Amino acid sequence: MTKADIVNEISKSTGIDKANVLDTVEKFMEIVKDSLTNGENVYLRGFGSFIIKVRSEKTARNISKNTTIIIPEHRIPAFKPAKVFMEEVKKNNGAN
């Protein structure tokens, strides 16, 4: 499902025109990105959490050059689904 599909579904089910729904979806994504960029996690009860994970420094190998490189500690965005959400997905797994 794409962003356009989400906008269409919301517009169809609520009766709100697509332009307003698109603006709302865009603003939601912007707020989530800004929050994560500023180190704040975003918690959506019953859905999940957008969090920042910290990856430790590690040693990696470049096989083609046969060299070792150090990958520094870094932060990455991640999504952790809520327990209720996970249970619903597991329950409906064979529905397709």
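The values are calculated or read from the model by the stated rules, or taken from the named source; none is laboratory data. These numbers come from a predicted model, not from an experiment. Reconstructed Cβ throughout: ideal geometry from the backbone, glycine too, with neighbour counts over all protein chains shown. These area figures cover heavy atoms from the full protein model, side chains too; ligands, DNA and RNA do not enter into them. Shrake-Rupley method; radii C 1.70, N 1.55, O 1.52, S 1.80 Å.
Points worth noting:
- Total residues in the stretch 67-96, condition open to solvent by 100 Å² or more (accessible area, probe 1.4 Å), modelled with pLDDT under 90 and part of a loop (DSSP other than H, G, I, E, B): 1
- Summed over the stretch 28-52, residues that are surrounded by 11 or more Cβ atoms within 10 Å (Cβ to Cβ) and in a loop (DSSP other than H, G, I, E, B) total 3.
- As a summary of the residue check, Tyr43 satisfies the conditions (1) modelled with pLDDT of 95 or more; (2) more than 17 Å from the chain's Cα centre (by Cα); (3) among the hydroxyl-bearing types (Ser, Thr, Tyr) except for the one numbered (2).
- Given (1) open to solvent by less than 70 Å² (accessible area, probe 1.4 Å); (2) among the aliphatic types (A, V, I, L, M); (3) not in a strand (DSSP E or B), number of the condition Ile16 does not satisfy: (1)
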